[in-house]
Structure formats: C-alpha cells, structure tokens
Amino acid sequence: MKRRILPTGLALIALLAPTALALGAEEAVASGTWTKKGYRIAGNWSLIVDNGARYLVLDEGFKTRKAPDLKFFLSPRPLADLGDRNALDGGAVLIAPLEAPRGAQRYALPDDVDLAAFKTLILHCEQYSKLWGGAALGLEP
C-alpha cells in the first residue's frame, strides 16, 4: 500500500504559507533600550514597518512610573543635549500619548514623518515638563 505523503505535505505548506508571509512582512528599522533621564524605563523598543505602515513597538518588559500626560516624541537632537525644559525644542514630533505604564504596546507613527531627520526617541511628561528618558535611534547614514 502506497502512502500519500506528498499531497498532505503540499496541503500543509499551502495552509501555512500565508501565515509565514504575514509574519515576514514586519521589518525592524531600529531598536534598543532606554536611557534614564528623570525616571527608569525598562524594556526594549523597536521601530518597525508592517505592510507599509510604521510603528513604535514596546515589548512585554516595558515598565515605567505612572504619570499624567506622558507622551512619546521623536527629536532631531541627541539625547545628551535634552533635559526637562528643552526636550521638545528644535522640532520634536509627537508620536502618541502613552497608553499604559507597563506591557507590550504598539503606536502608529505619523505618515509624514521622515525618520532620517530624527536622532532620538523620548518619553516626556508635557504637563510637568519632565523628560522621563529616551534612546538614540541610530538611523544616521
């Protein structure tokens, strides 16, 4: 009696291929860890492109102190040059308000943002002008 392994194998590949392609569509553009300025930020972050859309992604290890009005920004200035009062000077662009002080999260980047024009990702409390921390994007050519 002959076994029909090939057709079953092909069927399995056909079923899994769309999933594999969908998973492969996500590409990391930059990633890293946080540098403390005012408060500790744990976890890793990445900027990804997923099916043409760009996102800031925080991993499940993300954790920071809860505060009002925390927001993510991109800054054209190096993190070493930024402090509480000048963090948003010089062309910083809002990504999104922080949704939760811990856990995996994903934020869409504005479509019109040229990532090559920015050096730093920052987390900043606008209400109290407090720079939580940030990270170098490392996108310079």
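The values are calculated or read from the model by the stated rules, or taken from the named source; none is laboratory data. The structure presented is a predicted model; accordingly, all values stated were derived computationally and were not measured. We place every Cβ from the backbone using ideal geometry, glycine too, and count neighbours over all the protein chains shown. For the accessible areas, the whole protein counts, side chains as well, though only heavy atoms, and no ligand, DNA or RNA atoms are used. Shrake-Rupley method; radii C 1.70, N 1.55, O 1.52, S 1.80 Å.
Those residues that are part of a loop (DSSP other than H, G, I, E, B), open to solvent by 40 Å² or more (accessible area, probe 1.4 Å) and not charged (D, E, K, R), I need them from the stretch 64-85; list them, please.
Pro68, Pro78, listed by residue number.
Of all residues in the stretch 104-131, which are open to solvent by 10 Å² or more (accessible area, probe 1.4 Å), in contact with a Gly (Cβ under 9 Å, 6 or more places away or on another chain) and closer than 18 Å to Ala67 by Cβ?
Lys130
Can you tell which of Arg85, Arg106 is more than 22 Å from Ala28 (Cβ to Cβ) and without any contact (Cβ under 8 Å) to a residue 60 or more places away in the chain?
The unique qualifying residue is Arg85.
What single numbered condition from (1) free of Cβ contacts under 8 Å to residues at least 12 places away in the same chain; (2) closer than 20 Å to Tyr39 by Cα; (3) open to solvent by 40 Å² or more (accessible area, probe 1.4 Å); (4) assigned to a loop (DSSP other than H, G, I, E, B) fails to hold for Ala100?
(3)
Name every residue in the stretch 31-63 that is over 16 Å from Gly133 (Cβ atoms) and either touching a helix residue (DSSP H, G or I) at 6+ places or on another chain (Cβ under 9 Å) or part of a loop (DSSP other than H, G, I, E, B) (or both), in order of residue number.
Those that are over 16 Å from Gly133 (Cβ atoms) and either touching a helix residue (DSSP H, G or I) at 6+ places or on another chain (Cβ under 9 Å) or part of a loop (DSSP other than H, G, I, E, B) (or both): Leu47, Asn51, Gly52, Arg54, Glu60.
Which condition does Ile41 not pass, out of (1) open to solvent by 60 Å² or more (accessible area, probe 1.4 Å); (2) of a type in the set (A, V, I, L, M); (3) touching a Gly at 6+ places or on another chain (Cβ under 6 Å), if it passes all the others?
(1)
Arg54 versus (1) of a type outside the set (Val, Ile, Thr); (2) open to solvent by 40 Å² or more (accessible area, probe 1.4 Å); (3) more than 19 Å from Glu26 (Cβ to Cβ): which is the lone unmet condition?
(3)
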